[in-house]
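Data block below; observations after.
The values are calculated or read from the model by the stated rules, or taken from the named source; none is laboratory data. None of the values given here were measured: they were computed from a predicted structure. With ideal geometry, Cβ positions are generated from the backbone for all residues, glycine too; neighbour counts draw on all protein chains shown.
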Protein chains: 2
Amino acid sequence: MIPHDTHLRIGSLLFEGLDQIDLTGPFEVLSQIPNSTYQVYARTTEPVRDIHGLRLTADAVLADAPRLDVLHVPGGFGQEALMEDEEVLDWIRAQAGGATSVFSVCTGALLCGAAGLLVGRRATTHWSAFHLLPYFGAIPVDERVVVDGSWVFAGGVTAGIDGALRLAAELRGVEVAQGIQLAMQYAPEPPFDSGTPRTAPAAVLDRARRTVEDITARREKTARKVAERLGVEVPVA
Amino acid sequence: MIPHDTHLRIGSLLFEGLDQIDLTGPFEVLSQIPNSTYQVYARTTEPVRDIHGLRLTADAVLADAPRLDVLHVPGGFGQEALMEDEEVLDWIRAQAGGATSVFSVCTGALLCGAAGLLVGRRATTHWSAFHLLPYFGAIPVDERVVVDGSWVFAGGVTAGIDGALRLAAELRGVEVAQGIQLAMQYAPEPPFDSGTPRTAPAAVLDRARRTVEDITARREKTARKVAERLGVEVPVA
């Protein structure tokens, strides 16, 4: 826990084609932490579109970010375009190096992996990319939220809300996190039990797998290149 | 259920000081409905800030919105500034009149109420504003999601995700909603049981109530004025 009188600088990476709730879910939680500032950083301060078209705007460009106490890296299909982007990977590396906590949501884990930060780390990601974690030297843990030292990993998309509440509790204690949960009335009642490959009806899972077939193939190809660069032994398929 | 080959125009009202996840939660769900277009409308196409500072940008101004099939009205403290804003209330009234479905999230219900649309309707809203529903002539129903004919009401903030999944099922069937739930890996595991006034620890609830004391008093004052305007008998406190 960080002393309550220590100001926390929290920051998210924003990029074209992210899955917006990977960012907005954690933002909802972490922006309510007392004595903190939450800013969003991107390559541009023009609005960028998430994968489904929502326009989000950064507060500042990457180079203007101060040293962050909490670094948040969201995912989404757009992550793939950044896997060899040295400006972004350098930024993640530098910020992660100075941060008290690093919070990876969904396929943000692949970006952190491309930055070489997952070697030997227990991690999770979206179910469709879970099998790729070993390419980055990570130890895959099939849980919704995985805490590994100063790192918090949330699984796919909406897992970022659960992960952010865990992180809020780590940073400022359970009562603060509970207060945020109450303010956002987070007592979920999903109307169906279809949120994971284990519980989704077979036909629904089949269709979802086909939808991500192309992006998954591209991600695997990229992950192999990262593995080679990092000297990680490529797992047998 | 709407035939799959009927294109759906879905639109959200965006305004300064909304609670961003009231919009971004439903957006995550409804933007994935097949054969649909989701656009965000505001008074300006400049970025506006949510209550915690996130910048969101509308696709078009209110006047440029087409007739929507699905109208989504989010809430947040900023709702209070719009309760006598005839441009916004007229827009809500006109769009609600033409829509197949109206989806109110959180204190978006108060805006719909100010537009005179809640008279005789079963409704819900954020727990801190729940007692104000009768001022708008609504019948308060203490459930996370309330369906009343073509209207769907979600309670506070994150209830918008559950409500949107219900609405997606109403619009395109259960399998479509289940597919969206799987894509967003919505199998929530809140780390604490503090999401409602009933379950939150007493000290946490006390603090949360104090935090919203001022805005609640302002909302009550406004609600009384609306009741008078609508000719609704003001409930005894």
Give me the residue from segment B:16-32 that is over 12 Å from the mean Cα position of the chain (by Cα), under 20 Å from B:ALA154 (Cα atoms) and in a loop (DSSP other than H, G, I, E, B) and, out of that set, farthest from the other protein chains (Cβ to nearest Cβ). B:GLY17
Restricting attention to segment B:187-202, and to residues there that are at the interface with another protein chain (Cβ under 7 Å from one of its Cβ atoms) and either aliphatic (A, V, I, L, M) or under 20 Å from the mean Cα position of the chain (by Cα) (or both), which single residue is nearest to B:GLU143 (Cα to Cα)? B:THR196
Where B:ALA200 falls short, out of the listed (1) surrounded by 15 or more Cβ atoms within 10 Å (Cβ to Cβ); (2) assigned to a helix (DSSP H, G or I); (3) not basic (Lys, Arg): (2)
Selection within segment B:112-130 - touching a residue at least 60 places away in the same chain (Cβ under 8 Å) and out of contact with any Ser or Thr (no Cβ under 6 Å at 6 or more places or on another chain): B:GLY113, B:ALA114, B:GLY116, B:VAL119, B:TRP127
Within segment B:34-57, does at least one residue satisfy the condition of being under 19 Å from B:ASP22 (Cα atoms), at pLDDT 95 or above and part of a helix (DSSP H, G or I)? no
Let me spell it out: the conditions are (1) in a helix (DSSP H, G or I); (2) of a type in the set (Lys, Arg); (3) under 23 Å from the mean Cα position of the chain (by Cα); (4) within 13 Å of chain B (Cβ to nearest Cβ), and A:ARG207 meets all of them except one. Which number is the exception? (3)
Going through A:ILE161, A:ILE180 one at a time, which residue ends up being under 30 Å from A:PRO3 (Cβ atoms), modelled with pLDDT of 95 or more, in contact with a strand residue (DSSP E or B) (Cβ under 9 Å, 6 or more places away or on another chain) and part of a helix (DSSP H, G or I)? A:ILE161
Which listed residue, of A:GLY113, A:GLY97, A:GLY78, A:GLY156, is touching a helix residue (DSSP H, G or I) at 6+ places or on another chain (Cβ under 8 Å), in a helix (DSSP H, G or I) and of a type outside the set (A, V, I, L, M): A:GLY113
Say whether the condition of being under 22 Å from B:GLY173 (Cβ atoms) and at the interface with chain B (Cβ under 7 Å from one of its Cβ atoms) is met by at least one residue in segment A:158-171. yes
